[in-house]
Amino acid sequence: MDRVKLWPYTPLMYILAIETSADDTAAAVVTIDAQGYGQILGQAVYTQAAEHAKYGGIVPEIASRAHQLHLKRLVGEALQQAQLKLESLDAIAATTGPGLTTALAMGASFAKTLALVLGKPFLATNHLEGHALSPLLAPDQTLAQAFLGRHEAYVLLLVTGGHTQLILVRGVGDYALLGTTADDAVGECFDKTGALLRLAHPAGPKMETLAQGGNPQALVLPQPRTANVLDFSFSGLKTAVRQAVESGVYAPTDVAASLQHTVAMVLATKLGLALQQTGAKHAVVAGGVAANATIRAALQQVCATAGASFTAPPLALCTDNAAMIAYAAALRQLKGLPDGGGLAAPLHPRWPLQGLGNYS
Ligand code: KG4
Ligand code: ZN
């Protein structure tokens with residue numbers, strides 16, 4: 001990925017990271033300077049989506065076998081792009097949670113072995129912290145300058161197949177969870193309603209395509225209420241879509257368009273409330289669902305109304321990748337935060353963002 005070169009830019013550390021928490025196998029080399037600005041020097045991803053598609057979800061055994069098969073090649077590609085040798089690296093990082101244990105184990109063991117043989121530090125890294133800090137790597141440096149230069153906080157809307165969270169990022173290692181989902185994640189909502197319309201997994205992108213010809217007002221879907229206004233709930237939407245599909249009254253394009261419209265409204269409304277509650281001047285979206293143009297437009301609009309900047313990083317940074325892991329690990333090193341246990345670091349299938357100032 002091309003990045004705008006900051007000038008003068010003096011690299012402080014070179015970090016190789018491996019990400020294998022779910023069904024994407026990824027390696028990346030990132031550098032960071034003394035101010036915390038990062039640059040991606042090389043990255044390679046193998047997406048396993050096709051291997052899992054016929055099972056309607058991620059099969060852990062297939063995921064870990066594919067990680068094992070592709071890791072060596074991807075690490076080689078990332079290093080080659082970066083024009084670096086293993087010996088020139090300052091540290092090796094890997095995602096150690098949250099995620100599928102058997103999948104995490106592949107990447108973490110590979111990275112720990114490299115670190116051990118090379119005599120370099122191993123940096124155990126939280127996947128969600130990677131997502132939270134990834135927008136700072138975007139070519140548009142507005143957010144990085146506000147956060148790294150002026151210590152301004154931002155609200156992150158994280159929308160993946162497994163997470164739907166609103167997080168206030170106050171500093172590196174300093175995160176406050178503002179809201180989360182009571183049931184399904186938003187990506188899961190697209191995937192499950194898409195399955196009702198007989199779309200293959202992951203159905204999110206196909207739902208967006210299907211929605212293009214549809215009427216977003218055709219079907220009035222419920223906007224669920226939650227006790228905390230910043231929490232989410234998507235299971236009611238799934239039920240309403242099931243009933244609509246079973247009724248046979250609505251065209252699939254109209255169902256897809258109505259669902260997409262409702263989800264976009266829910267996400268935008270809650271992001272607007274989060275900006276209001278926190279007084280933050282910046283908002284970012286990350287995660288695979290951020291690829292959806294209707295959702296991005298709704299978020300952009302609500303931020304403009306709130307007078308906040310809006311950053312939607314390039315897709316390769318939004319979806320699972322290793323650059324965000326390398327960068328989070330590097331920023332934590334720069335700030336002197338704990339390294340998560342070094343070579344003895346455990347895996348954390350569940351690992352919330354709060355309390356990451358003192359990794360345990
Ligand atoms: O972040 P991600 O790549 O992987 C993780 O879940 O960690 O997110 C994948 C999710 C899937 O549920 C997929 O259906 C959804 O993001 N997704 C979309 C779109 N592209 C991907 N949902 C709606 N519209 C899209 N264009
Ligand atoms: Zn993710």
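Within the stretch 255-291, the residues that satisfy the criterion of being within 16 Å of ligand 2 (Cβ to nearest atom) and under 18 Å from residue 180 (Cβ atoms) are 284, 285, 286, 287, 288, 289, 290. Could you count how many residues in the stretch 48-67 are within 22 Å of the chain's Cα centre (by Cα), of a type outside the set (A, V, I, L, M) and either in the same structural domain as residue 192 (by TED's automatic domain parsing) or open to solvent by 30 Å² or more (accessible area, probe 1.4 Å) (or both)? Adding up the residues that qualify gives 3. Against the conditions (1) within 16 Å of the chain's Cα centre (by Cα); (2) open to solvent by less than 20 Å² (accessible area, probe 1.4 Å), residue 303 satisfies every one except (1).
Might you let me know whether the stretch 132-139 holds any residue that is away from ligand 2 (no atom under 16 Å from the Cβ) and not hydrophobic (A, V, I, L, M, F, W, C)?
Yes.
For residues that are away from ligand 1 (no atom under 14 Å from the Cβ) and of a type in the set (D, E, K, R), scanning just the stretch 268-327, find the one that is farthest from residue 207 (Cα to Cα). Looking at residues that are away from ligand 1 (no atom under 14 Å from the Cβ) and of a type in the set (D, E, K, R), I get 281.
Report yes if some residue within the stretch 80-92 is outside the structural domain of residue 193 (by TED's automatic domain parsing), assigned to a strand (DSSP E or B) and at pLDDT 95 or above; otherwise report no. Looking through the stretch 80-92, at least one residue is outside the structural domain of residue 193 (by TED's automatic domain parsing), assigned to a strand (DSSP E or B) and at pLDDT 95 or above.
Residue-wise test of (1) of a type in the set (S, T, N, Q); (2) surrounded by 22 or more Cβ atoms within 10 Å (Cβ to Cβ); (3) within 21 Å of residue 337 (Cβ to Cβ).
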| position | (1), (2), (3) |
| --- | --- |
| 110 | no, no, no |
| 119 | no, no, no |
| 135 | no, yes, yes |
| 153 | no, no, yes |
| 161 | no, yes, no |
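Cβ separations smaller than 9 Å between residues 6+ apart or across chains give the following pairs from the stretch 306-332 residues that are closer than 18 Å to residue 42 by Cβ and open to solvent by 10 Å² or more (accessible area, probe 1.4 Å) to residues that are among the small types (Gly, Ala, Ser) and away from ligand 2 (no atom under 16 Å from the Cβ): 314/138. What number of residues in the stretch 160-187 are free of Cβ contacts under 8 Å to residues at least 60 places away in the same chain and farther than 18 Å from residue 278 by Cβ? Within the stretch 160-187, residues that are free of Cβ contacts under 8 Å to residues at least 60 places away in the same chain and farther than 18 Å from residue 278 by Cβ number 5. Looking across the stretch 229-248, the residues that are in contact with a Leu (Cβ under 9 Å, 6 or more places away or on another chain) and open to solvent by 60 Å² or more (accessible area, probe 1.4 Å) come down to 229, 242, 246.
Do we have any residue at all in the stretch 14-31 that's surrounded by fewer than 17 Cβ atoms within 10 Å (Cβ to Cβ) and either in contact with a Pro (Cβ under 7 Å, 6 or more places away or on another chain) or polar (S, T, N, Q) (or both)? No, there is no match, as no residue in the stretch 14-31 is surrounded by fewer than 17 Cβ atoms within 10 Å (Cβ to Cβ) and either in contact with a Pro (Cβ under 7 Å, 6 or more places away or on another chain) or polar (S, T, N, Q) (or both).
Pairs meeting the criteria (first residue in the stretch 276-292 and open to solvent by less than 20 Å² (accessible area, probe 1.4 Å), second residue among the β-branched types (Val, Ile, Thr) and within 16 Å of ligand 1 (Cβ to nearest atom), beta carbons under 7 Å, at least 6 apart or on different chains) are 285/159; 287/159; 287/160; 289/159; 289/160; 289/186; 289/295; 290/159.
The values are calculated or read from the model by the stated rules, or taken from the named source; none is laboratory data. Predicted model, so just to flag it, every value in this text is computed and none were measured. Counting neighbours? That spans all protein chains shown, and the Cβs are built from the backbone with ideal geometry, glycine included. Quick note on the areas: whole protein, heavy atoms, side chains included, nothing else; ligands and nucleic acids left out. Shrake-Rupley method; radii C 1.70, N 1.55, O 1.52, S 1.80 Å.
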